[in-house]
1. Could you list, in sequence order, the residues of segment 116-126 that are part of a helix (DSSP H, G or I) and over 30 Å from Val186 (Cβ atoms)?
2. Just to be sure before I move on: is Leu152 in contact with a Pro (Cβ under 6 Å, 6 or more places away or on another chain) and either within 20 Å of Leu2 (Cβ to Cβ) or not in a helix (DSSP H, G or I) (or both) in the structure I sent?
3. Just one of the numbered conditions (1) polar (S, T, N, Q); (2) in contact with a helix residue (DSSP H, G or I) (Cβ under 6 Å, 6 or more places away or on another chain); (3) modelled with pLDDT of 95 or more is not true of Asn176; which one?
4. For segment 155-173, what are the residues that are free of Cβ contacts under 8 Å to residues at least 40 places away in the same chain, part of a helix (DSSP H, G or I) and in contact with a strand residue (DSSP E or B) (Cβ under 9 Å, 6 or more places away or on another chain)?
5. Looking at (1) of a type in the set (Asp, Glu); (2) under 14 Å from the mean Cα position of the chain (by Cα); (3) closer than 22 Å to Ile175 by Cβ, find the lone condition where Glu21 falls short.
6. Given segment 1-115, what helices (runs of 4 or more DSSP H) lie entirely inside it while holding 2 or more residues that are crowded, with 21+ Cβ neighbours inside 10 Å and among the hydrophobic types (A, V, I, L, M, F, W, C)?
7. Can you tell me which residue is surrounded by the most Cβ atoms within 10 Å (Cβ to Cβ) among those in segment 121-141 that are farther than 19 Å from Arg49 by Cβ and touching a helix residue (DSSP H, G or I) at 6+ places or on another chain (Cβ under 9 Å)?
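The values are calculated or read from the model by the stated rules, or taken from the named source; none is laboratory data. As the structure is a prediction and not an experimental result, all values here were calculated from the model. So basically every Cβ, Gly included, is an ideal-geometry build from the backbone, and we count neighbours across all protein chains shown.
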Amino acid sequence: MLVVTGTQRSGTSLIAKALIESGYDLGASWFDEEVQGGYENEVICAFYRWYLGDPTFPFDDFELPTYQYAAIVFKNFDQKVAKFCYLLMNPAFVMIWHKFRPKGDTFLIMNRSKKDVILSKERIPERFHHDSPLLDQTSEQLHENFLQSWTLLVEHYRTVSLSFPACTTYEILHINRDLAKLDPTVQIKPEVWKRTLDTSKIHF
């Protein structure tokens, strides 16, 4: 499984939308127009909510399915592409992933200035006050957690990273070359990239 990840407000939804419109099922339908974010994979989020015992993860108004055997569902989860933007917000999240899925997955990591991530969240406080307390971090905390999480992730999995918003100025060939390093069968259609890339929404 190729997973689009990073932190909140780091461009994961832009990549996810381009992949969906290029024909890939990400196992997600939710999208919030106000924050221009969403497409979180419901199986992954439901597993973490169950494992953490936190009904507010990732946020308390996000309806998720309940699985009788959530650990088995997650362990055997077989999807080509998925999005889970929270993975690098806490090294414990990476350790949990590795405990249940120790090999085989690949990760496209979106990397954005952590100060800009927090500023983006603060611009819409009414939306992000729903976050789990685990996601309520200062930019300094988030920076440290991101570095620790990234170190753990690259130790066990194949990863590539894209800087946001710099990646929005790339030719789509550049992004597709990075995707091909993870899965050569996953590509964003150039016409889709042009259509989904709205510079007015990158990125408050």
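1. At the first step, the residues of segment 116-126 found to be part of a helix (DSSP H, G or I) are 116-123, 125-126.
If the condition is that a residue be part of a helix (DSSP H, G or I) and over 30 Å from Val186 (Cβ atoms), then Ile118, Leu119, Glu122, Arg123, Pro125, Glu126 are the ones that fit.
2. Details: in contact with a Pro (Cβ under 6 Å, 6 or more places away or on another chain): yes; either within 20 Å of Leu2 (Cβ to Cβ) or not in a helix (DSSP H, G or I) (or both): yes.
Spelling it out, Leu152 is indeed in contact with a Pro (Cβ under 6 Å, 6 or more places away or on another chain) and either within 20 Å of Leu2 (Cβ to Cβ) or not in a helix (DSSP H, G or I) (or both).
3. Just one mismatch for Asn176, condition (2).
4. Quick first cut of segment 155-173, residues free of Cβ contacts under 8 Å to residues at least 40 places away in the same chain only: 155, 166, 169-173.
Remaining after also requiring part of a helix (DSSP H, G or I): 155, 166, 169, 172-173.
Correct list: empty.
5. So Glu21 meets the others, but not (2).
6. Details: elements: 12-21, 42-52, 70-75, 91-100.
The qualifying helices (runs of 4 or more DSSP H) are 12-21, 42-52, 91-100.
7. So the first thing to find is which residues in segment 121-141 are farther than 19 Å from Arg49 by Cβ, and the list is 121-126, 138-141.
Okay, now just the ones that are also touching a helix residue (DSSP H, G or I) at 6+ places or on another chain (Cβ under 9 Å), so 121-122, 138-141.
Working: Lys121: 21, Glu122: 9, Thr138: 11, Ser139: 14, Glu140: 11, Gln141: 14.
Checked segment 121-141; the qualifying residue surrounded by the most Cβ atoms within 10 Å (Cβ to Cβ) is Lys121.
For (1) touching a Phe, Trp or Tyr at 6+ places or on another chain (Cβ under 9 Å); (2) in contact (Cβ under 8 Å) with a residue 24 or more places away in the chain, each residue gets a yes or a no:
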residue	(1), (2)
Asp54	yes, yes
Tyr69	no, no
Lys75	yes, yes
Ala92	no, no
Met95	no, yes
